[in-house]
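The values are calculated or read from the model by the stated rules, or taken from the named source; none is laboratory data. As the structure is a prediction and not an experimental result, all values here were calculated from the model. Every residue, glycine among them, receives a Cβ derived from its backbone with ideal geometry; neighbour counts consider all protein chains shown. These area figures cover heavy atoms from the full protein model, side chains too; ligands, DNA and RNA do not enter into them. Shrake-Rupley method; radii C 1.70, N 1.55, O 1.52, S 1.80 Å.
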Amino acid sequence: MWTSGVFRIAIFSLAVLIGETGLPRFSNPPLRHVTIEARDYAFRAPATLAAGLTAFRFVNKGTVPHEVQLFRFARGVSKQAAQAYLIAGDAPDSAADPSGSVLIAYAGVTAREEILVPLERGERYALICGFRDAPGKPKHATLGMVALLEVR
């Protein structure tokens, strides 16, 4: 038999779960925001990130348009190999996850969109700018506009 105290606790618990809207509340994983900043021929971004749901935003503080190609390296690609690919300015398809995302921003502009990624411990991500200032000019990546992010 329910006593009035137990009944009140049950009603209070149900009210907390449901909330003011009358709909059940579910806890969402916390969302972390990370800014990737472009300067002329370099990225400023954290070298390591904690696992979890992460929204990447892109700010171009340079004087020319830039992009950030964000892709995950395939499992098994070592930190040294990933860095070598980045120094070369490109990674073979076999070293990268088949999916990825790109944000583009003109000089002095913040991209309106963000990239949402569920980061997992042990992953490595590349940041690459493949733009050129003009035809025949080198890709920004070969000028050093690359970075490696590791998830710990």
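How many residues does segment 127-138 hold that are open to solvent by less than 80 Å² (accessible area, probe 1.4 Å) and over 19 Å from Gly76 (Cα atoms)?
Final tally of qualifying residues: 7.
Going through segment 97-126 one residue at a time, which ones are under 13 Å from Arg39 (Cα atoms) and open to solvent by less than 70 Å² (accessible area, probe 1.4 Å)?
Selection gives Ala105, Ala107, Gly108, Val109, Thr110.
Would you mind finding the one in Gly144, Gly100 that is modelled with pLDDT under 95, small (Gly, Ala, Ser) and under 25 Å from Leu31 (Cβ atoms)?
From the options Gly144, Gly100, the qualifying one is Gly100.
Suppose we filter segment 81-90 for residues that are over 17 Å from Val151 (Cα atoms) and open to solvent by 20 Å² or more (accessible area, probe 1.4 Å); how many remain?
Selection size over segment 81-90: 5.
From Gly108, Gly130, Gly136, Gly122, grab the single residue that is on the phi > 0 side of the Ramachandran plot and within 20 Å of the chain's Cα centre (by Cα).
When all the criteria are applied, what remains is Gly122.
Which residue pairs have Cβ atoms under 8 Å apart, sit 6 or more places apart or on different chains, and have a first residue in segment 42-62 that is closer than 22 Å to Pro29 by Cβ and charged (D, E, K, R) and a second that is outside any strand (DSSP E or B) and open to solvent by 40 Å² or more (accessible area, probe 1.4 Å)?
Arg57/Glu114
Could we say that Thr35 is part of a strand (DSSP E or B) and within 18 Å of Arg152 (Cβ to Cβ) here?
No: the conditions fail for Thr35.
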